[in-house]
Amino acid sequence: MKDPLGYSGLHVVVTGAASGMGAATARILVQLGARVTGVDVKPTQAPVDLVIEADLRDPDSIAEAAATINGPVHAVFSCAGLPGGAFPPVDVLLVNFVGARHFVELLLPKIAPGGAIAAIASNAAMGWQLQLSDLMELVTIDGFGAGKKWCEENTQRMEPDAYSFSKKVLNAWVASRAATLITEGIRLNCINPGPTDTAMMPHFVEHSGAQIVDAFVGPIGRHSTAEEQAWPLVFLNSPRSSYVNGETFTTDGGFFGAVQTGQLDLASLFGEAGQQT
Ligand SMILES: NC(=O)c1ccc[n+]([C@@H]2O[C@H](COP(=O)([O-])OP(=O)(O)OC[C@H]3O[C@@H](n4cnc5c(N)ncnc54)[C@H](O)[C@@H]3O)[C@@H](O)[C@H]2O)c1
């Protein structure tokens, strides 16, 4: 079969295209014959067709980027992200959820039925369903300004930390917004990666400690590469995946499955720190 994933000639938008999983996704999509628009706050080196510099913490910058992109857009890959630790909690929430969602919502009029959106959450969001009522408070607040205000007023409630909370909110948004978007023929999914060797990894090690990062590795015994996360994203947004929607796809080498079936014990894995995760 020629073009098995069906990307040839499609126009796709990739945020976070300057680095890591976003850059890997952009490169793969170019190879699959898509026309790729890369969006990032940093300069993008991947060989995309159009580069747009935009800051997901800034609603004007997001609006300008969305206005610059000509439709139709067939798929959006929302890969940009900020780790916790060195960055202010509100910035982490803005980049990982509020700004990312705002960008997608502004692009929707340019996405035709049959289009798809895929985002990157994290297996640090494990157990997000147990916090659903807290998460839905932010998910159901429309718009950048009101979302930012909620984040500024609720940093103390971001359990266990701003980064994990941002990824939990993202899972909840995907699960709920997918149900309304599909009535317009547009799909929405996300992946939940385990530890992946990108520019973000040293931030995780410095902030959480190597012991915590290693604890999230699980039975596969190694970190993921950026490409090993890019391919599941490419699969989710492919027109061939037309019945996959609202999926919060775990891409962590079997870590979550081992936890769910009692083969990994979180408390002993994480030790003292595990009480907070
Ligand atoms: N690396 C991991 O172990 C891991 C694990 C689970 C999930 N994730 C998530 O995967 C996604 C990709 O991260 P990565 O690991 O490839 O890291 P990365 O640092 O290599 O890439 C993140 C990209 O986001 C961009 N970005 C940051 N702030 C931005 C802003 N204000 N506006 C626009 N773009 C901005 C950066 O410039 C960078 O190009 C992120 O959402 C991250 O949270 C990473």
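The values are calculated or read from the model by the stated rules, or taken from the named source; none is laboratory data. None of the values given here were measured: they were computed from a predicted structure. Positions of Cβ are backbone-derived with ideal geometry, glycine not excepted, and every protein chain shown enters the neighbour counts. Ligands, DNA and RNA are stripped out before the accessible areas are found, and what is left, the full protein with its side chains, is counted by its heavy atoms. Shrake-Rupley method; radii C 1.70, N 1.55, O 1.52, S 1.80 Å.
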Task: Qualifying residue in the range 225-238 (condition: away from the ligand (no atom under 13 Å from the Cβ) and either charged (D, E, K, R) or surrounded by fewer than 18 Cβ atoms within 10 Å (Cβ to Cβ) (or both)) - done: yes
Open item on the list: Being surrounded by fewer than 24 Cβ atoms within 10 Å (Cβ to Cβ), under 19 Å from Thr251 (Cα atoms) and more than 10 Å from the ligand (Cβ to nearest atom) is the filter here; which residues of the range 12-34 pass it?
Closed with: Ile28
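I want to confirm something. Restricting to the range 178-203 and keeping residues that are of a type in the set (D, E, K, R) and surrounded by fewer than 20 Cβ atoms within 10 Å (Cβ to Cβ), which single residue is farthest from His223 (Cα to Cα)?
Residues of the range 178-203 that are of a type in the set (D, E, K, R), as a first pass: 184, 187, 197.
Checking which are surrounded by fewer than 20 Cβ atoms within 10 Å (Cβ to Cβ) leaves us with 184, 197.
Details: Glu184: 37, Asp197: 6 Å.
Per the stated criteria, the residue is Glu184.
So which of Asp91, Asp60, Asp55 ends up being at pLDDT 95 or above and over 18 Å from the mean Cα position of the chain (by Cα)?
Numbers: Asp91 fails: over 18 Å from the mean Cα position of the chain (by Cα); Asp55 fails: over 18 Å from the mean Cα position of the chain (by Cα).
On inspection, the qualifying residue turns out to be Asp60.
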Open item on the list: I want to confirm something. Restricting to the range 35-75 and keeping residues that are more than 14 Å from the ligand (Cβ to nearest atom) and touching a residue at least 40 places away in the same chain (Cβ under 8 Å), which single residue is most open to solvent (accessible area, probe 1.4 Å)?
Closed with: Asn70
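Residues in the range 150-174 that are outside any helix (DSSP H, G or I) and within 16 Å of the ligand (Cβ to nearest atom): how many? Step through it out loud before you land on a result.
Here is the first cut: in the range 150-174, the residues outside any helix (DSSP H, G or I) are 154, 158-161.
Narrowing further to those that are within 16 Å of the ligand (Cβ to nearest atom): 158, 160-161.
Counting residues in the range 150-174 that are outside any helix (DSSP H, G or I) and within 16 Å of the ligand (Cβ to nearest atom) gives 3.
Kindly provide the set of residues from the range 213-224 that are more than 10 Å from the ligand (Cβ to nearest atom) and either among the β-branched types (Val, Ile, Thr) or within 21 Å of Tyr163 (Cβ to Cβ) (or both), ordered by number.
First, the residues of the range 213-224 that are more than 10 Å from the ligand (Cβ to nearest atom): 214-215, 217-222.
Hits for the range 213-224 are Asp214, Ala215, Val217, Gly218, Ile220.
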Task: Extreme residue, surrounded by the fewest Cβ atoms within 10 Å (Cβ to Cβ), among residues of the range 104-130 that are within 12 Å of Ser164 (Cβ to Cβ) and small (Gly, Ala, Ser) - done: Gly127
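Given the options Arg240, Arg222, name the one that is of a type in the set (Lys, Arg), assigned to a helix (DSSP H, G or I) and modelled with pLDDT of 95 or more. Step through it out loud before you land on a result.
Numbers: Arg222 fails: assigned to a helix (DSSP H, G or I).
After ruling out the rest, the residue left standing is Arg240.
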- [ ] Quick one: which residue in Ser208, Ser166 is among the polar types (S, T, N, Q) and modelled with pLDDT of 95 or more?
- [x] Ser166
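Taking only the range 80-103 into account, find how many residues are open to solvent by 20 Å² or more (accessible area, probe 1.4 Å), hydrophobic (A, V, I, L, M, F, W, C) and within 17 Å of Cys190 (Cα to Cα).
Step one: list which residues in the range 80-103 are open to solvent by 20 Å² or more (accessible area, probe 1.4 Å), which gives 80-82, 85-91, 102.
This time we only want the ones that are hydrophobic (A, V, I, L, M, F, W, C), so: 80, 82, 86-87, 90.
Remaining after also requiring within 17 Å of Cys190 (Cα to Cα): 80, 82.
The total comes to 2.
With Gly127, Gly147 as the choices, which residue is in contact with a His (Cβ under 9 Å, 6 or more places away or on another chain) and more than 14 Å from the ligand (Cβ to nearest atom)?
Numbers: Gly127 fails: in contact with a His (Cβ under 9 Å, 6 or more places away or on another chain).
Gly147 is the lone residue from the list that is in contact with a His (Cβ under 9 Å, 6 or more places away or on another chain) and more than 14 Å from the ligand (Cβ to nearest atom).
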